[in-house]
């Protein structure tokens, strides 16, 4: 079986946390110990990220199956950040018996712009993909800077993101390229609209990657979805706005 790294903390209702592109589960460290005071929290490294083995190809079907296989056979709340939000939506589609609820953090069922759909310009992802081949580390740092740019404490937040990347080393170029392609090509809007479990969306008002307008469009697809927008937060509110994050998640989990 593919080796997938995971760590579990705390006791209570189970939450499984899936990180974003180019990162690993260490990114949650400062936040997870607070969350684990109230819930059983499991962090997973995506295949080819952190301490998890690589898969080839890096597809949603392969990723979802690999993650579900290392989680106890129980229904959990799956929390996905950015690319992780795409993954947990796919898990809910393929393994509905394993999902009691979803939390989409700075995520979207369709990451890129489409007709009548807000999102990131797909051309920017093409530029990132091209630049990865030319200057690997500089491209990663530029992507990280977009996640916290303009926020209070920007330099410290960026340094924290850089340190987390360096802790385990970066995924190889193929995995990163295929991850960008997933962000560019995946369209799980029909999956979201068909959800019959509780879904929470948390967005940062200053997010440069997932515009807040996406939240209203997601609610049009799934009127029952709970939407929370954190003022002055960017793409990584669990780093910059931990208190607000804990409050929002606790209200959702304890209903």
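Scanning segment 60-82 for residues that are part of a helix (DSSP H, G or I) and crowded, with 24+ Cβ neighbours inside 10 Å returns 63, 67. Only one of the listed residues (246, 158) is under 19 Å from residue 106 (Cβ atoms), free of Cβ contacts under 8 Å to residues at least 40 places away in the same chain, within 18 Å of the chain's Cα centre (by Cα) and in a helix (DSSP H, G or I). That residue is 158. Please determine whether any residue of segment 152-167 is within 28 Å of residue 62 (Cβ to Cβ), at pLDDT below 95 and surrounded by fewer than 18 Cβ atoms within 10 Å (Cβ to Cβ). Scanning segment 152-167 turns up at least one residue that is within 28 Å of residue 62 (Cβ to Cβ), at pLDDT below 95 and surrounded by fewer than 18 Cβ atoms within 10 Å (Cβ to Cβ). Conditions first: (1) surrounded by fewer than 16 Cβ atoms within 10 Å (Cβ to Cβ); (2) over 19 Å from residue 35 (Cβ atoms). Residue 225 passes all but one, so which condition is the exception? Every condition holds for residue 225 apart from (1). In the set (1) part of a helix (DSSP H, G or I); (2) without any contact (Cβ under 8 Å) to a residue 12 or more places away in the chain; (3) under 26 Å from residue 59 (Cα atoms), residue 196 fails one condition alone, (1). Listed conditions (1) surrounded by fewer than 19 Cβ atoms within 10 Å (Cβ to Cβ); (2) without any contact (Cβ under 8 Å) to a residue 12 or more places away in the chain; (3) closer than 18 Å to residue 176 by Cβ are all met by residue 115, apart from (3). The set of residues from segment 89-103 being crowded, with 19+ Cβ neighbours inside 10 Å and farther than 15 Å from residue 70 by Cα comprises 89, 90, 92, 101, 102, 103.
Here residue 219 does not qualify as touching a helix residue (DSSP H, G or I) at 6+ places or on another chain (Cβ under 6 Å), surrounded by fewer than 18 Cβ atoms within 10 Å (Cβ to Cβ) and under 28 Å from residue 14 (Cα atoms). Restricted to segment 43-59, and to residues there that are surrounded by fewer than 23 Cβ atoms within 10 Å (Cβ to Cβ) and free of Cβ contacts under 8 Å to residues at least 60 places away in the same chain, the residue that is farthest from residue 170 (Cα to Cα) is 55. When the criteria are applied in full, residue 23 fails the requirement of being closer than 17 Å to residue 245 by Cα and either in contact (Cβ under 8 Å) with a residue 40 or more places away in the chain or within 14 Å of the chain's Cα centre (by Cα) (or both). Would segment 168-191 turn up any residue that is within 15 Å of the chain's Cα centre (by Cα), outside any helix (DSSP H, G or I), at pLDDT below 95 and under 25 Å from residue 23 (Cβ atoms)? There is no residue in segment 168-191 that is within 15 Å of the chain's Cα centre (by Cα), outside any helix (DSSP H, G or I), at pLDDT below 95 and under 25 Å from residue 23 (Cβ atoms). When the criteria are applied in full, residue 18 meets the requirement of being under 14 Å from the mean Cα position of the chain (by Cα) and at pLDDT 95 or above.
The values are calculated or read from the model by the stated rules, or taken from the named source; none is laboratory data. Computed from a prediction, not measured in an experiment: that's the story for all the values here. Note: ideal-geometry Cβ built from the backbone for every residue, glycine included; neighbour counts use all protein chains shown.
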